[in-house]
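In what follows, a structure is listed as C-alpha cells, so that the remarks can point back to it.
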Amino acid sequence: MSYHNEEFETLPRKALEAVQLKRLQAAVARVQTAVPFYRQSFERAGITSGCIKSLDDLRRLPFTVKQDMRDSYPYGLFAASMDDIVRIHASSGTTGKPTVVGYTRKDIEIWSELMARSFAAAGVHKGDIIHNAYGYGLFTGGLGAHYGAERLGASVIPMSGGNTKKQIMIMKDFGSTVLTCTPSYSLFMAEAAREEGVDFRQLKLHVGIFGAEPWSESMRTEIEQKLNLCAIDIYGLSEIMGPGVAIECREAKKGLHIWEDHFIPEIINPDTGEVLPEGERGELVITTITKEGIPLIRYRTRDITSLTYEPCSCGRTHARLSRMTGRSDDMLIIRGVNVFPSQIESILMRIEGVEPHYLLIIDRKDNLDTLEVQVEVGEQLFSDEIKVLQALSHSIEKEIKDLLGVTCKVRLVEPQTIARSEGKAKRVIDNRLIS
C-alpha cells in the first residue's frame, strides 16, 4: 500500500466531515466578503453570514456555472488580490470567452500536494521517471502533473504534446517508467511506435495516468495491451484546480477517489438541480473548500458520474466517483434518444478487428436526424472481401441499435483515415448546429 499523506488519505469519515465543515464555513465567509458575484448571489438566496451549520446546509447555496466565470472575465471571481496571484491558467474552450483561474502560492502548494497524492495512489514512487506528455501553457495538465511529480520526489521529463517520434525515442532512451497524457494520445503513440519498430514491451513503463477526456473500460484494455502498462484514470478540471481532483487507486481501480479534504462533491439531477442519493448517476457538482485565488461554490462541472462512500480495499476513506460517461452539455440527442460518444466507443471496442479511432457525424435530412459512425478497421480486415466488411458494418449497426436504441449507418474506413490528435480527440461532428 502506498500513500503520500496517510493521515489525511485515511481519515475516518467523521473526522473528514469535521474538516470539511470547518473549511466550508471559511470558504463561504471568504467569497461572501471578497467576491461581489457571490455576495449578490447569496443575498438573492437569503444566505447570511454564519448560516452554514452543517454539511447539509451546502445544498441551500446557489450553483455556480461556467457562464458565471465567462461573465466575470477575466478576474471578477478572484477572491485574492492580484498581488497574491502567482499563476494564471485559462480553459482551452473554443466557444465564448475562456474561463480564467488564478492561483496563490498556497493554491500551488495544495495542487502539487494533491497531484503527489494522486501519483502515489496510482503506484508511482520516488524513483520513477515520469514522461509528462500533457500540454504545458494555459492548459493546466502539463504543469499540474509536473509540480506533483517533483513534490513526490520522482524525476519528470517535461515533454508536453507533439513530436510523437521524439516522444517514443525519449521514453526508450531515458528509461521512462510512467506515462501521463490523454488516453487517445497514448493509442496514437502505440501506432507511431509500431511504425518505428519500437515494441512497448521492451520499454520500462509500468503505469500510465490518463485523463482530460472521457474513455471507456474497453479503451483501458486496449491501452494496457498495446502499451504494456497499468492504465489509471485521473480527473480534474481547470475551474476547480486542474488534474488531481480525483484518481483511481492502483489496488482497486474501482472508481476515482476525490480528495474530500479539499473538495466537497455532490451529484445532482442536471434538469432539476435536485441532489441525488449515493450511487445514482447524475451531474457532478464540486465546492472548493481550500482555494484562495478563485474559490467556487457548488460548481456545476457538467460531467456525468455517480458517487460512492463504500470503503475501498486500498484503505483510503475518500469518496469515489464512477468513470465519467460524458457531459450533460454534450450529450447527443438523436431522434429523441440520449447518446454519449463513450457508449458507442464501448460497443466498438468489443468488436474484433476494429481500431480505437472513430468519428460520429450527425446530420439532419428531411427533418430527421441521421447518425453516421465512421470507424477504422485493421489492415488485414480492410483487405477482406466487400461482403465481409458489409457483414461487419451491419453487425455493428445492430449492436448499437440493440443497446442504445438509435439507428445509425456504420462506415468502415481504412487505417489512419480518421484524423489523430495529440490532445483531446475530436469524436463528434454535429452538422445540425451549422446554420
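The values are calculated or read from the model by the stated rules, or taken from the named source; none is laboratory data. Note that the structure is a prediction, hence the values are computed from the model and not measured. Please note: Cβ atoms are built from the backbone with ideal geometry, for glycine as well, and neighbour counts cover all protein chains shown. Side chains are part of the model used for accessible areas, which takes the heavy atoms of the whole protein and leaves out ligands, DNA and RNA. Shrake-Rupley method; radii C 1.70, N 1.55, O 1.52, S 1.80 Å.
Structure data summary
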read-out: Dipole magnitude of the chain about its Cα centre (Cβ charges: Lys, Arg +1; Asp, Glu -1), debye to nearest 20; value: 780
read-out: Net charge, THR290 excluded, C-beta distance under 9 Å - Lys, Arg +1, Asp, Glu -1; value: 0
read-out: Solvent-accessible area, 1.4 Å probe, carbon plus sulfur percent, for the range 1-328; value: 49
read-out: Among LEU227, GLN374, MET171 - extreme Cα towards positive end, dipole of the chain, charges at beta-carbon; value: MET171
read-out: Of ASP303, ASP369, ASP56, the one that fluctuates the most in a GNM where the chain has Cα springs shorter than 10 Å; value: ASP56
read-out: Folded to 0 to 90 degrees: helix 13-34 orientation relative to the chain principal axis, Cα; value: 70
read-out: Simple Cβ-charge dipole of the range 332-430, Lys/Arg +1 and Asp/Glu -1, about Cα centre, in debye nearest 20; value: 360
read-out: Spatial separation of Cα centroids for the range 341-393 and the range 232-265, in angstrom; value: 32
read-out: Euclidean distance between Cα centres, the range 400-434 to the range 22-57, Å; value: 44
read-out: Between the range 79-133 and the range 191-216, the alpha-carbon center distance in angstrom; value: 24
read-out: Highest average packing first - 305-311, 135-141, 13-19, 104-110, Cβ atoms within 10 Å; value: 135-141, 104-110, 305-311, 13-19
read-out: Top positive-direction residue, dipole computed over the range 242-352 with Cβ charges, set GLY242, LEU307, ILE267; value: GLY242
read-out: Cα-based helix-to-principal-axis angle, 36-45 vs the chain, degrees rounded to 10; value: 80
read-out: Square roots of five times the Cα gyration tensor eigenvalues for the range 74-219, Å; value: 30, 18, 13
read-out: Cubic angstrom per residue, convex hull over Cα atoms of the range 275-395; value: 202
read-out: Förster radius 60 Å - calculated FRET efficiency between THR33 and ILE351, Cβ distance, rounded to 0.05; value: 0.60
read-out: Charge dipole of the chain about the Cα centre (unit charges at C-beta), most positive-ward option of PHE119, MET189, PRO295; value: PRO295
read-out: Simple spin-label estimate for HIS206 and ASP56 in nanometres, 7 Å along Cα-Cβ; value: 4.7
read-out: Where labels lie 7 Å past Cα in the beta-carbon direction, separation of VAL337 and THR417 in nm; value: 2.2
read-out: The chain: relative contact order as a whole-number percent, Cα under 8 Å and 6+ apart; value: 14
read-out: Over the range 332-430, equivalent-ellipsoid semi-axes from the Cα gyration tensor in Å; value: 21, 16, 12
read-out: Rg ratio (alpha-carbon, reference 2.2 N^0.38 Å) - the range 234-334; value: 1.04
read-out: The chain, accessible area per residue, ligands and nucleic acids excluded (1.4 Å, Å²); value: 44
read-out: Helical contribution to [θ] at 222 nm, DSSP H n ≥ 4, -39,500 (n - 2.57), averaged over the chain, rounded to 500; value: -9500 deg cm²/dmol
read-out: Normalised contact order of the range 129-182, rounded percent, pairs of Cα under 8 Å and 6 or more residues apart; value: 52
read-out: Net charge over other residues, Cβ less than 14 angstrom from the Cβ of GLY50 (K, R count +1; D, E count -1); value: +3
read-out: Degrees between helix 164-174 axis and first principal axis of the chain (Cα, 0 to 90, nearest 10); value: 70
read-out: Solvent-accessible area, 1.4 Å probe, carbon plus sulfur percent, for the range 332-430; value: 49
